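Asks: Okay, handing you the structure first.
Derivation of every value follows stated rules applied to the coordinates shown; laboratory data play no part. Values in this document were obtained by computation on a predicted structure and should not be read as measured data. Here the Cβ is made from the backbone with ideal geometry for all residues, glycine too, and neighbour counts use every protein chain on show.
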Amino acid sequence: MRARQVVLATNAFPPLLRRLRAWVVPVYDYALMTEPLTPEQRDAVGWRNRQGLADTGNQFHYYRITGDGRILFGGYDAVYHYGNRIAPALEQREQTFTALATHFFTTFPQLADVRFSHRWGGVIDTCTRFCPFFGTAYSGRLAYAAGYTGLGVGATRFGARVMLDLLDGADTPLTRLGLVRGKPLPFPPEPARAAGIQLTRWSLARADARQGRRNVWLRTLDRFGLGFDS
């Protein structure tokens, strides 16, 4: 395949551009799906329409009602495997599904008798600022976007517009944004990478259990503009 210009959007998978390898790590996200709810179960919850919902925890849950009346319930556990490992076997994680089921019934005690019909996991990309970054390579002939951290469904249209402007070499309101012009801090090499990620996950869970009080590690990350509060 030959092309004059290229857009690189490989998400969590090993990037073809070497410089991106320090900026992006793959993490696994997991979800459960209930059986279709009965009209009585829908009434008990009071979820009249199909609004998408999420809670406000650091390790947050997201939930949706599908077209056939099921509840999709996911999030919370974002799991990193040493060395940026990606493998089909990692898409199933019993302890995460057990935790999600417990959290589901805490959120919806009215649905204590509902059963889950599906469970799965998938890999997403993340960077240290937890939102996408952009850039060019090969004298402007290649544009890239990465680091969406699971929030790319709505943001990829924006990302595509940014990359088209970058490939055009245009000075536009999009290319002048600080989000587009700046880069996240890179992740350190292993084993510091895995240790830092696990310390951050532990600290976020601890903050959720302590009514949002952030420890020294999280406050340090905030000071350097790392994470969701950056």
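Asks: So, in nm, how far is label L179 from label A137 when the simple model puts each one 7 Å beyond its Cα toward the Cβ?
Replies: 2.3
Asks: In cubic angstrom, how much convex hull volume per residue do the alpha carbon atoms of the chain span?
Replies: Convex hull of Cα atoms, per residue: 158 Å³.
Asks: Can you tell me which of 196-204, 150-158 comes out highest on packing, and rank the rest after it, using the mean Cβ neighbours within 10 Å?
Replies: Descending packing order for the listed peptides: 196-204, 150-158.
Asks: Could you check the spin-label model distance between F60 and W47? Points 7 Å from the Cα along Cα→Cβ, value in nm.
Replies: The two pseudo-label positions are separated by 1.6 nm.
Asks: Do any trypsin sites (Lys or Arg not before Pro) in the range 38-115 lie in a loop, going by DSSP, with at most 16 other beta-carbon atoms within 10 Å of their beta carbon, and if so which?
Replies: R48, R50, R85, R115
Asks: Also, quick follow-up: Which angle from 0 to 90°, rounded to the nearest 10, does the C-alpha axis of helix 192-209 make with the longest principal axis of the chain?
Replies: Helix 192-209 sits at roughly 40 degrees to that axis.
Asks: If I take every Cα pair under 8 Å that is 6 or more residues apart in the chain, average their sequence separation and divide by the length, what percent do I get for the relative contact order?
Replies: 25
Asks: Same structure, new question: Length gain on complete extension for the stretch Q5 to Q211, per 0.36 nm per residue less the alpha carbon to alpha carbon distance?
Replies: Taking 0.36 nm per residue and subtracting the Cα distance, the gain is 69.3 nm.
Asks: So for the chain, taking the charge dipole from beta-carbon charges (+1 Lys/Arg, -1 Asp/Glu), which of Y62, T102, L32 sits furthest toward the positive end?
Replies: Of the listed residues, the answer is Y62.
Asks: Based on Cβ point charges of +1 for Lys and Arg and -1 for Asp and Glu, what charge dipole magnitude is obtained for the chain about its Cα centre, in debye rounded to the nearest 20?
Replies: Its charge dipole is roughly 860 debye.
Asks: Could you check the simple spin-label distance between L16 and A192, using points 7 Å along Cα→Cβ, in nm with one decimal?
Replies: Rounded to a tenth, the inter-label distance reads 3.1 nm.
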